[in-house]
């Protein structure tokens, strides 16, 4: 089987037809793997998502499987060691994750996905909220060698309220709402729901549905109620959760997959409930709700769920899915249970497979390493540079950064090798040749230094530091007259520029010394260097 890797939205759009076809065919497909959900969700993670697309035959043949994934780079804060993780694309946002497969080829497809993934660079694979049959999951897991990799399965029990988020519940819907009330619900729940729905019919309570004009108002109202109920428990994550949910709800509205009724008592909103609508799988999936906690005499949740189920049945849907969690209220709606799996595959040595970083993450790693370097965390910076170069030996920015670092600490031999390699990567960058010359000069290889400085000046004739450094190496090679000529030309340029900085002082001092050593009759007429005289005049 051939696996293609899709990493940009243009190519993603190109497989829309295959995506929808497989989604329609696959009995294990669920809303969070639909094009409607994922094509928008992936855009939140530009640069890190990728989709494995499986073909049974060669290029041009239809795809038979899709596995949406996301790449993440993390760092050991103690060592500065970077490593990669692979996540299911929907991790931390979707209640269910998994893969899409043409049913007849499902096991072969999952095996092919695993064989591709096991050769990528990663330390951990997070299989979070996997909704997948045992046959498919075992076909996938069986491709990872136990000699170097390990598997750990997790429970997802919320300690605050003892809710098990690996237990999922859904109600199977009959052909009519009356049949649902009479045959699915308990007597007490049925009577209570009918009593309050009559209040809605009579106008004592009313239900509206979100539309373009009320979208922002209704979302803000619901999230305000939700925050009042759950905000303290979420702690520092609260604001990011609220922002994320607002994006999800708006995006779902734009794609036509949001169903959001709002319950009112007069002009007072009592609560709202948001669900996703999947017409392909004929499912409605409850996502989030918020209610006025002071309205204790009205069962807001029961009314809104009942209304949603009534509408779902009217649309011919067969399932009302309460998604993750075994909260007690769900059992009142005549639900059946299923389970999802949460597991992690990880390398036993704690290092990326192949001891290399994923090439797609190098720019992000380099940005972090640069912050270490600038912040004086040199050990972390060096480790990061070397990790980048272990993956891409010709990574120009890492070569320069590491060369700079080792040169600053006096390791000029390695710096020279790094800059020499870099001149092959970026031969037209003057400062690289200058750095190469500086390293050669520090190693007393003045002939090589002069050549490097000449190349620097060919690329940038105004690189004054290279002129001074070349003069120093020329002097060390007993080519004093060339050095003097170079310094005199440099002195004229600096004077024309009106400069009086350290380079001026050093150039004048070296020029004076060389003239005294090579021209015994040389006597400087001015009692102090020109730069000092200029500084004195300026001070006066």
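Determine if the range 218-234 includes at least one residue that is surrounded by 12 or more Cβ atoms within 10 Å (Cβ to Cβ), out of contact with any strand residue (DSSP E or B) (no Cβ under 9 Å at 6 or more places or on another chain), in the same structural domain as residue 293 (by TED's automatic domain parsing) and closer than 26 Å to residue 279 by Cα. So far as the range 218-234 goes, no, none of its residues is surrounded by 12 or more Cβ atoms within 10 Å (Cβ to Cβ), out of contact with any strand residue (DSSP E or B) (no Cβ under 9 Å at 6 or more places or on another chain), in the same structural domain as residue 293 (by TED's automatic domain parsing) and closer than 26 Å to residue 279 by Cα. Given the structure, is residue 231 on the phi > 0 side of the Ramachandran plot and modelled with pLDDT under 95? No. Among the residues of the range 70-82 satisfying the criterion of being in contact with a strand residue (DSSP E or B) (Cβ under 8 Å, 6 or more places away or on another chain) and surrounded by fewer than 23 Cβ atoms within 10 Å (Cβ to Cβ), which is farthest from residue 384 (Cα to Cα)? Within the range 70-82, the match that is farthest from residue 384 (Cα to Cα) is 70. The sole residue among 414, 379 that is part of a helix (DSSP H, G or I), modelled with pLDDT under 95 and closer than 29 Å to residue 359 by Cα is 379. Residues that are surrounded by fewer than 17 Cβ atoms within 10 Å (Cβ to Cβ) and either modelled with pLDDT of 95 or more or closer than 28 Å to residue 309 by Cβ (or both) within the range 153-177 comprise 156, 157, 158, 161, 162, 163, 164, 172, 174, 175, 176, listed in sequence order. Checking each residue in the range 237-281 for being in a loop (DSSP other than H, G, I, E, B), in contact with a strand residue (DSSP E or B) (Cβ under 6 Å, 6 or more places away or on another chain) and under 26 Å from residue 296 (Cβ atoms) picks out only 260.
Results for (1) free of Cβ contacts under 8 Å to residues at least 24 places away in the same chain; (2) surrounded by 21 or more Cβ atoms within 10 Å (Cβ to Cβ); (3) not assigned by TED's automatic domain parsing to the domain that holds residue 369, shown as yes or no for each residue.
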{"residue": "402", "(1), (2), (3)": "yes, yes, no"}
{"residue": "416", "(1), (2), (3)": "no, yes, no"}
{"residue": "422", "(1), (2), (3)": "no, yes, no"}
{"residue": "428", "(1), (2), (3)": "no, no, no"}
{"residue": "437", "(1), (2), (3)": "no, yes, no"}
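Just give me the residues in the range 84-112 being touching a residue at least 60 places away in the same chain (Cβ under 8 Å), surrounded by fewer than 23 Cβ atoms within 10 Å (Cβ to Cβ) and within 18 Å of the chain's Cα centre (by Cα), in sequence order. 84, 93, listed by residue number.
The criterion of at least 1 residues that are farther than 29 Å from residue 409 by Cβ and in contact (Cβ under 8 Å) with a residue 12 or more places away in the chain is met, among helices (runs of 4 or more DSSP H) falling completely within the range 439-527, by 480-496, 502-518.
Considering every residue within the range 10-22, establish whether at least one is in contact with a helix residue (DSSP H, G or I) (Cβ under 7 Å, 6 or more places away or on another chain), surrounded by fewer than 18 Cβ atoms within 10 Å (Cβ to Cβ), more than 19 Å from residue 341 (Cβ to Cβ) and in the same structural domain as residue 133 (by TED's automatic domain parsing). Yes: the range 10-22 contains one or more residues that are in contact with a helix residue (DSSP H, G or I) (Cβ under 7 Å, 6 or more places away or on another chain), surrounded by fewer than 18 Cβ atoms within 10 Å (Cβ to Cβ), more than 19 Å from residue 341 (Cβ to Cβ) and in the same structural domain as residue 133 (by TED's automatic domain parsing).
Would you check if there is a residue in the range 371-386 being over 30 Å from residue 147 (Cα atoms), touching a residue at least 40 places away in the same chain (Cβ under 8 Å) and buried (at least 22 other Cβ atoms within 10 Å of the Cβ)? Within the range 371-386, one or more residues are over 30 Å from residue 147 (Cα atoms), touching a residue at least 40 places away in the same chain (Cβ under 8 Å) and buried (at least 22 other Cβ atoms within 10 Å of the Cβ). Among strands (runs of 3 or more DSSP E) entirely within the range 305-369, having at least 3 residues that are within 27 Å of the chain's Cα centre (by Cα) singles out 341-347. Within the range 35-61, the set of residues being in contact with a helix residue (DSSP H, G or I) (Cβ under 6 Å, 6 or more places away or on another chain) and in a loop (DSSP other than H, G, I, E, B) is empty.
Take the residues in the range 313-340 that are out of contact with any strand residue (DSSP E or B) (no Cβ under 9 Å at 6 or more places or on another chain) and touching a residue at least 40 places away in the same chain (Cβ under 8 Å), then tell me which one is nearest to residue 156 (Cα to Cα). Looking at the filtered set, the residue picked out is 332.
Just a yes or no: is a residue in the range 17-24 closer than 23 Å to residue 246 by Cα and without any contact (Cβ under 8 Å) to a residue 60 or more places away in the chain? The answer is no; no qualifying residue exists.
Scanning the range 492-506 for residues that are surrounded by fewer than 17 Cβ atoms within 10 Å (Cβ to Cβ) and either touching a helix residue (DSSP H, G or I) at 6+ places or on another chain (Cβ under 8 Å) or not assigned by TED's automatic domain parsing to the domain that holds residue 419 (or both) returns 493, 495, 503, 505, 506.
The values are calculated or read from the model by the stated rules, or taken from the named source; none is laboratory data. Quick caveat, the model's predicted, so the values are computed rather than measured. Neighbour counts run over all protein chains shown; Cβ positions are idealised from the backbone, glycine included.
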